[in-house]
1. If PHE267 satisfies all but one of (1) outside any helix (DSSP H, G or I); (2) at pLDDT below 95; (3) crowded, with 21+ Cβ neighbours inside 10 Å, what's the number of the condition it fails?
2. Go through the residues of segment 204-213 one by one and say whether even a single one is touching a residue at least 40 places away in the same chain (Cβ under 8 Å) and open to solvent by 50 Å² or more (accessible area, probe 1.4 Å).
3. Can you give me the number of residues within segment 107-124 that are in contact with a strand residue (DSSP E or B) (Cβ under 7 Å, 6 or more places away or on another chain) and either of a type in the set (Lys, Arg) or open to solvent by 30 Å² or more (accessible area, probe 1.4 Å) (or both)?
4. Mind checking which residues of segment 42-67 are in a loop (DSSP other than H, G, I, E, B), modelled with pLDDT under 95 and not β-branched (Val, Ile, Thr)?
5. Select, from ARG342, ARG311, the only residue that is closer than 19 Å to LEU77 by Cβ and among the basic types (Lys, Arg).
6. Which residue is surrounded by the most Cβ atoms within 10 Å (Cβ to Cβ), if the candidates are limited to segment 227-241 and must be part of a helix (DSSP H, G or I) and touching a Gly at 6+ places or on another chain (Cβ under 8 Å)?
7. Condition test on VAL256, is it under 17 Å from the mean Cα position of the chain (by Cα) and within 22 Å of HIS164 (Cα to Cα)?
8. Quick check on segment 293-310. Is at least one of its residues closer than 14 Å to ALA225 by Cα and of a type in the set (Lys, Arg)?
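The values are calculated or read from the model by the stated rules, or taken from the named source; none is laboratory data. Here the structure is a predicted model, which is why all the values come from computation and not from measurement. Cβ sites come from the backbone with ideal geometry, for glycine too, and all protein chains shown count toward neighbours. These accessible areas exclude ligands, DNA and RNA; they are computed on the full protein's heavy atoms, side chains included. Shrake-Rupley method; radii C 1.70, N 1.55, O 1.52, S 1.80 Å.
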Amino acid sequence: MTDAGPVSEGDDDTPVRRPANDAAGPDTSPWRPPRGPVVCLGETMAALAPDPSDSLDGTESLRLSVAGAESNVAMYLADLGLPVSWLSAVGDDALGRRVRAAVARAGVDVSGVRTDPARPTGLLLKDPGAAGTRVHYYRQGSAASALGPDVLDDERFGGAALLHLTGVTPALSPSCRALVERALRTPPARRTHAVSFDVNHRPALWPPDTAAAVLRDLADRADIAFVGLDEAQDLWGADLTATDVRRLLSGPRVLVVKDGGRGATAFTGQGACTVPALTTEVVEPVGAGDAFAAGCLAGLWHGTDLTRALRLGHITAASALRVVGDHGPLPDEDTVGAMLSRTEQDWCRAAAS
């Protein structure tokens, strides 16, 4: 798979391996992704940020960490016990080495990450403020922006049961957009693996009036799609409800519409399931959406019901909200199990506390 442009469906002669748990029809059994290795694909940058109480204007020092939607998901999936690889590219520089090492320390396979000797590792600056955290990107011409469809030749992708992508990648460059389009080209019923897509709209990365149509098309081709209600309203209509978003994105087998700190609704062929979010201290919101996606994907991967999958998403998101970086520690396994097993009434009490 080395061509840089989309190919018509008729040109795709990939052998079809239907997941075993997809044998039943949509009305007799809820669809779940097959169990097996997960691949997360996308750019991760070095991140610089002042202490939460400081701004960039007044700080005397900056902390160095890493930040990337797809690697955030990968690290949380590893925390939750899933076999996961991260595919990307970094520069042949100190920041690239820091990025690779940080993701690897979380238990993620980074052996497929490329080192580009001619392009730098991307960088972002976080600027906390009373109105929220502003993020300034320095990623144009980065190593990851040069990725293209040939990355899908990687042996890890060939053996994956689930591929996770976000809407950040197609905004980085024409070659990155071609990569995502190719990954989503094959119709869901003919795929050898499931594809998860988080809309993850980053307005600063898109030329004017281009993101809405592209992101809707890509999300609608995924098996599992995640989108925030606020970003859906920004992209496709200010008055949209979660049900309206489902009408716009009817293709995914599972569509999860996140409504900030209020809750999340999953739509499937069997209907809708809503679970309120947990009340938690918010140190910084950046990264919580990625954590939620990882928790929900882990629940679906394990074959649990939608309620428990959404609960695991909220539990994982809370761990990201309580830290300055994008990746925070999860509760211990017994605590997570007890939270997942709560009655609906007890969960709602915890969410409202």
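1. Every listed condition holds for PHE267 apart from (2).
2. Restricting attention to segment 204-213, the residues satisfying the condition of being touching a residue at least 40 places away in the same chain (Cβ under 8 Å) are 204-205, 211.
Next cut, open to solvent by 50 Å² or more (accessible area, probe 1.4 Å) only: 204.
Yes: one or more hits.
3. To start, the set of residues in segment 107-124 that are in contact with a strand residue (DSSP E or B) (Cβ under 7 Å, 6 or more places away or on another chain) comprises 108-110, 112-116, 119-124.
Next, only the ones that are either of a type in the set (Lys, Arg) or open to solvent by 30 Å² or more (accessible area, probe 1.4 Å) (or both) stay: 109, 114-115, 119-120, 123.
Result for segment 107-124: 6.
4. Of the residues in segment 42-67, the ones in a loop (DSSP other than H, G, I, E, B) are 42-44, 50-62.
Next, only the ones that are modelled with pLDDT under 95 stay: 50-62.
Of everything in segment 42-67, those that are in a loop (DSSP other than H, G, I, E, B), modelled with pLDDT under 95 and not β-branched (Val, Ile, Thr) turn out to be PRO50, ASP51, PRO52, SER53, ASP54, SER55, LEU56, ASP57, GLY58, GLU60, SER61, LEU62.
5. Details: ARG342 fails: closer than 19 Å to LEU77 by Cβ.
Step by step, each of ARG342, ARG311 is checked, and only ARG311 is closer than 19 Å to LEU77 by Cβ and among the basic types (Lys, Arg).
6. Taking segment 227-241 as the starting set, the residues that turn out to be part of a helix (DSSP H, G or I) are 229-236.
Now narrow it down to the ones that are touching a Gly at 6+ places or on another chain (Cβ under 8 Å): 229-230.
Details: LEU229: 20, ASP230: 13.
Only one residue tops the list, namely LEU229.
7. Numbers: under 17 Å from the mean Cα position of the chain (by Cα): yes; within 22 Å of HIS164 (Cα to Cα): yes.
Yes: the conditions hold for VAL256.
8. No; the residues of segment 293-310 include none that is closer than 14 Å to ALA225 by Cα and of a type in the set (Lys, Arg).
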